Amino acid sequence: MVTAVRQALFDLLAERGLNGVEIPEIALRAGVNRTTIYRRWPTKAALLLALMLEEMRVRVPTPNTGCFQTDLEQMLKGIASILADPAIRSIFFFLSSRVDPEAARVKSAFWEQRFADSGEIVTRAVMRGELPKDVSPRVILELAAAPLLYRILILGTSVDDRTIRQMAAWVARQDVKGFPPLQAADLRG
């Protein structure tokens, strides 16, 4: 059922964009009753959160190569790859542009989970002595992902492997001690 709902959602997104897609249409396309979807995901935002987190886990796994810069580079390549998918981009735009409380909650939950999952590469780098012990995984990840997200989502440009390598190398060289991380409340504003 989850696979059918996921496929239906992504097919509809490709056809019409997110604003034109509602749960009854997803259910019809997936061949399931809409109450089946509502029981598992009570809102469209909740459905998007669950499916986006799963897509990120599958398509952007947390690398563990034994080298922080290589892990970071692989993670950034995965993010660039998933953002090449128009359906994924439309979900990012939808969540970023919404001001309703449910979308804000979903956006906050998505980023909290992504920072927790991806933070493992920073934690391992600290354990290997590649980064200082007092570094904030969130700060490192924000510094690494921000230029990539800006170029792809805001400027609408692609980012090649050479640029991603340079981004990862730059972040790996930074002294980020004392740089304050964003708080969860900052993501809701």
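Check off (1) of a type in the set (Asp, Glu); (2) over 21 Å from ARG165 (Cα atoms); (3) buried (at least 19 other Cβ atoms within 10 Å of the Cβ) for GLU112 and give me the number that stays unchecked.
All conditions pass for GLU112, except number (3).
Please find, among ALA84, ALA45, ALA80, the residue that is in contact with an Asp or Glu (Cβ under 7 Å, 6 or more places away or on another chain) and under 28 Å from SER158 (Cα atoms). It would help to see each step written out before you state the result.
Numbers: ALA84 fails: in contact with an Asp or Glu (Cβ under 7 Å, 6 or more places away or on another chain); ALA80 fails: in contact with an Asp or Glu (Cβ under 7 Å, 6 or more places away or on another chain).
The match here is ALA45.
For the stretch 59-73, how many residues meet the condition of being at pLDDT 95 or above and surrounded by fewer than 19 Cβ atoms within 10 Å (Cβ to Cβ)?
Of the residues in that region, 6 qualify.
Would the stretch 48-58 turn up any residue that is in a loop (DSSP other than H, G, I, E, B), within 16 Å of the chain's Cα centre (by Cα) and surrounded by 17 or more Cβ atoms within 10 Å (Cβ to Cβ)?
Step one: list which residues in the stretch 48-58 are in a loop (DSSP other than H, G, I, E, B), which gives none.
No - not one qualifying residue is present in the stretch 48-58.
What about ALA80, is it farther than 29 Å from ASP161 by Cβ, of a type in the set (Gly, Ala, Ser) and not in a loop (DSSP other than H, G, I, E, B)? Full working, then the answer.
Details: farther than 29 Å from ASP161 by Cβ: no; of a type in the set (Gly, Ala, Ser): yes; not in a loop (DSSP other than H, G, I, E, B): yes.
No; evaluated as a whole, the condition is false for this residue.
Looking at the stretch 5-29, I want the residues that are in the same structural domain as ILE88 (by TED's automatic domain parsing) and have a partner that is among the hydrophobic types (A, V, I, L, M, F, W, C) and at pLDDT below 90 with Cβ atoms under 8 Å, at least 6 apart or on another chain. Which pairs are those?
none
Okay, residues lined up against (1) assigned to a loop (DSSP other than H, G, I, E, B); (2) in the same structural domain as CYS67 (by TED's automatic domain parsing); (3) at pLDDT 90 or above:
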| site | (1), (2), (3) |
| --- | --- |
| PHE92 | no, yes, no |
| ALA116 | no, yes, yes |
| LYS133 | yes, yes, no |
| LEU141 | no, yes, yes |
| ALA146 | no, yes, yes |
| ASP175 | yes, yes, no |
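Could you check how many residues of the stretch 148-165 are β-branched (Val, Ile, Thr) and either farther than 23 Å from THR65 by Cα or at pLDDT below 90 (or both)?
Step one: filter the stretch 148-165 for residues β-branched (Val, Ile, Thr), giving 152, 154, 157, 159, 163-164.
Keeping just the survivors that are either farther than 23 Å from THR65 by Cα or at pLDDT below 90 (or both) gives 152, 154, 157.
Of the residues in the stretch 148-165, 3 are β-branched (Val, Ile, Thr) and either farther than 23 Å from THR65 by Cα or at pLDDT below 90 (or both).
Does GLU55 satisfy the condition of being closer than 23 Å to ARG6 by Cα and touching a Leu at 6+ places or on another chain (Cβ under 9 Å)? Break it down stepwise before answering.
Working: closer than 23 Å to ARG6 by Cα: yes; touching a Leu at 6+ places or on another chain (Cβ under 9 Å): no.
Taking the combined requirement at face value, the residue does not satisfy it.
The values are calculated or read from the model by the stated rules, or taken from the named source; none is laboratory data. Every value quoted in this text rests on a predicted model; they were computed, and no experiment measured them. Reconstructed Cβ throughout: ideal geometry from the backbone, glycine too, with neighbour counts over all protein chains shown.
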